[in-house]
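Q: One structure is given below, represented as structure tokens, and several questions about it will come after.
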Amino acid sequence: MTREIEPLDIIIIGGGPTGLACAIEAQRAGFNYLTLEKGCVVNSLYNYPTQLVFFTTPELLEIGDLPFVCEREKPVRIEALKYYRRVVDTYRLRVNQYEKVTRVSGAANSADSVNSDGHFLVETESALTGAARSYLSRKIIVAIGYYDYANALGIPGEDLPKVSHYYKDAHPFYDREVAIIGGANSAAIAALDLHRHGARVTMIHRGHQLRRTIKYWILPDIENRIANGEVKAYFRTVVTEIKPSTIGVRNLVTGEDMELQNDFVFALTGYHTDNDFLRSMGVEIDPETMKPSFDPETMESNVPGIYLAGVVTAGKETGKIFIENGRFHGGQIVNAILNHSRQKQSSES
């Protein structure tokens with residue numbers, strides 16, 4: 001195992017937009033930092049649907065005061081990927097791609113984080129070579145997001161190859177029977193894209209209607225497709241079993257069971273952050289809300305020296321934290337670390 005002997009000031013875990021925003025703030029403040037990303041830069045955005053159009057306007061996705069220029073009013077996925085690559089290049093950010101953090105150990109030297117520098121050992125593994133490394137760092141910023149961990153259905157057949165919790169492109173599903181489980185934004189976008197590329201789409205949702213939070217230009221479109229019979233929809237219905245050529249569904253009102261012909265299933269039922277990883281570092285998780293313990297002013301967790309940024313702070317309410325507001329967490333965290341350092345220096349003088 002290769003070890004970085006000289007301690008870093010800050011290690012940022014996660015190279016998404018929030019993690020990059022944290023890196024910019026750490027760099028501006030003169031800290032010796034490193035960002036560790038288990039995939040490519042902005043890995044979650046890369047895995048978004050190919051034709052994705054962002055809900056927001058480009059200026060709300062900007063970080064580091066770098067303008068985000070796009071062709072239309074709302075940016076698309078490929079423009080966002082290009083923009084965040086430009087952010088890394090412009091600021092020459094230190095980002096180790098394809099290096100997964102496997103373990104964080106150690107704790108602050110004192111229960112009083114104002115007067116302590118954390119002494120953390122961060123162990124990693126290369127996704128490309130399998131090589132192990134370790135680093136020492138005084139502070140940790142966790143900006144891991146949530147898109148890598150899908151909410152499981154917990155039903156027979158969920159592990160079949162025809163089932164996916166992620167939707168990216170419609171072409172492979174032309175002339176196939178495709179079921180989409182879910183009734184929120186991702187499900188509506190996937191249903192429309194698949195329908196327009198020749199798939200026979202069936203939506204299955206436990207609610208009595210599609211979520212009203214679906215993007216305002218998407219909702220009437222998908223509802224019209226359903227009303228016209230172009231996309232089938234079963235509401236107040238759940239999937240009970242997935243088989244190689246069919247799926248079993250149950251109406252929650254009548255209790256009636258049915259079996260539907262099916263070639264592929266997209267279970268777009270939401271995602272959650274890696275709470276096991278947070279717990280392994282000692283971060284407390286509320287069992288009801290699944291929110292980690294942190295100070296909303298400083299973003300410091302209950303573990304002194306470990307800070308949380310972005311959607312990792314949201315618990316079950318992942319829809320409340322976006323790039324638009326998570327991008328400001330880096331400034332809060334770096335300011336808090338600077339204030340801690342000043343108070344420490346003052347107490348020592």
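Q: Direction-averaged shadow area of the convex hull around the Cα atoms of the chain, nm²? Before the final figure, lay out each step's value.
A: On the way: hull surface 77.6 nm².
Projected area, direction-averaged: 19.4 nm².
Q: How charged is the neighbourhood of Lys38? Take every other residue with its Cβ under 10 Å from the Cβ of Lys38, and add Lys/Arg as +1 and Asp/Glu as -1.
A: -3
Q: Rounded to the nearest 500, what is the 222 nm mean residue ellipticity of the chain from helices alone, with -39500 (n - 2.57) per DSSP H run of 4+ residues and division by all residues?
A: Taken over the chain, the calculation gives -7000 deg cm²/dmol.
Q: If you fit an axis through the alpha-carbon atoms of helix 185-196 and take the longest principal axis of the Cα set of the chain, what angle between them do you get, 0 to 90°, nearest 10?
A: Value to nearest ten degrees: 50.
Q: Quick one: among Thr237, Thr213, Thr18, which has the greatest mean-square fluctuation in a GNM of the chain with alpha-carbon springs under 10 angstrom?
A: Largest GNM mean-square fluctuation: Thr213.
Q: Just name one of Ile323, Leu308, Met290: the one whose Cα is farthest towards the positive end of the charge dipole of the range 283-335 (beta-carbon charges, Lys/Arg +1, Asp/Glu -1).
A: Ile323
Q: With the cut-off at 26 Å, tell me which of the pairs Lys100/Lys139; Lys38/Lys291; Lys168/Lys243; Lys162/Lys215 have Cα atoms farther apart than that. Provide the component values of the computation, followed by the final result.
A: On the way: Lys100/Lys139 18 Å; Lys38/Lys291 23 Å; Lys168/Lys243 23 Å; Lys162/Lys215 28 Å.
Long pairs (Cα-Cα over 26 Å): Lys162/Lys215.
Q: Would you mind checking the radius of gyration and Dmax of the range 218-349 based on alpha-carbon positions, in Å?
A: Rg and Dmax of the range 218-349, Cα atoms, are 23.0, 75 Å.
Q: Going by how many other beta carbons lie within 10 Å of each one, how would you line up Glu317, Glu300, fewest first?
A: Ascending Cβ contact count within 10 Å gives the list Glu317, Glu300.
Q: Then there is this: Using 1/(1 + (r/R0)^6) with R0 = 45 angstrom and r between the beta carbons of Arg103 and Ala227, what's the FRET efficiency to the nearest 0.05? Please list the in-between numbers first.
A: Details: r = 52 Å, r/R0 = 1.16.
So, using R0 = 45 Å, E works out to roughly 0.30.
Q: Tell me, what is the FRET efficiency for Asp295 and Glu71 to the nearest 0.05, using R0 = 30 angstrom and their Cβ-Cβ distance as r?
A: Values: r = 41 Å, r/R0 = 1.36.
The formula returns an efficiency of 0.15 here.
Q: Give the value in nm², to one decimal: projected area of the alpha carbon convex hull of the range 225-293, averaged over all directions.
A: Result: a mean projected hull area of 7.6 nm².
Q: Using a Gaussian network model of the chain whose springs link C-alpha atoms within less than 10 Å, name the residue from His165, His197, His119 with the highest mean-square fluctuation.
A: In the Gaussian network model the winner is His197.
Q: Would you work out the charge dipole size for the range 163-267 about its Cα centre, treating the Cβ of every Lys and Arg as +1 and the Cβ of every Asp and Glu as -1, and quote it to the nearest 20 debye?
A: Details: 13 positive and 12 negative charges, 73 e Å.
Charge dipole of the range 163-267: 340 debye, to the nearest 20.
Q: Determine, from the Cβ-Cβ distance of Ala152 and Glu259 and an R0 of 35 Å, the FRET efficiency 1/(1 + (r/R0)^6), rounded to the nearest 0.05.
A: For R0 = 35 Å, the calculated efficiency reads 0.95.
Q: Quick check: residue separation of Phe55 and His208 times 0.36 nm, minus the Cα distance between them. What number comes out in nm?
A: Full-extension gain reported as 52.6 nm.
Q: If amide H atoms are built 1.01 Å from N in the plane of the peptide, which residues on other chains or at least 5 residues away come under 5 Å of the amide H of Val53?
A: Residues meeting the criterion, in which the H sits 1.01 Å from N, do not exist here.
Q: Here is a follow-up. Find how much the distance from Thr240 to Glu6 grows on full extension, using 0.36 nm per residue of separation minus their present alpha carbon separation; answer in nm with one decimal.
A: That pair, Thr240 and Glu6, stretches by 78.8 nm at full extension.
Q: Between Glu284 and Tyr216, what is the label-to-label distance in nm when each label sits 7 Å out along the Cα-to-Cβ direction?
A: Label at Glu284, label at Tyr216, 4.1 nm between them.
Q: For Thr246, what residues show an amide H to amide H distance below 5 Å, using hydrogens built from the backbone and excluding near sequence neighbours?
A: Asn262
Q: Next up: With viscosity set to 1.567 mPa s at 4 °C, what whole-number translational diffusion coefficient in µm²/s follows for the range 1-92 from Stokes-Einstein and a Kirkwood radius over Cα pairs? Don't skip to the answer; put the middle values down first.
A: Values: Rh = 14.3 Å.
It diffuses with D of about 91 µm²/s by this estimate.
Q: Here's something else I'd like to know. Evaluate the distance, in nm, between pseudo-label points positioned 7 Å from the Cα of His119 and of Asn32 along their respective Cα→Cβ axes.
A: Going by the 7 Å Cα→Cβ label model, 1.6 nm.
Q: How would you rank His329, His171, His195, His205, going from fewest to most other Cβ atoms within 10 Å of each one's own Cβ?
A: Ascending number of Cβ neighbours within 10 Å: His171, His195, His205, His329.
Q: Given that compact globular proteins tend to follow 2.2 N^0.38 Å, what is the ratio of the alpha-carbon Rg of the range 119-257 to that value?
A: On the way: Rg = 19.8 Å, N = 139, 2.2 N^0.38 = 14.3 Å.
Normalised by 2.2 N^0.38 Å, the Cα Rg of the range 119-257 equals 1.38.
Values quoted throughout were computed directly from the atomic coordinates according to the rules given, and no laboratory measurement underlies them. These figures come from a predicted structure and were not determined experimentally. Reconstructed Cβ throughout: ideal geometry from the backbone, glycine too, with neighbour counts over all protein chains shown.
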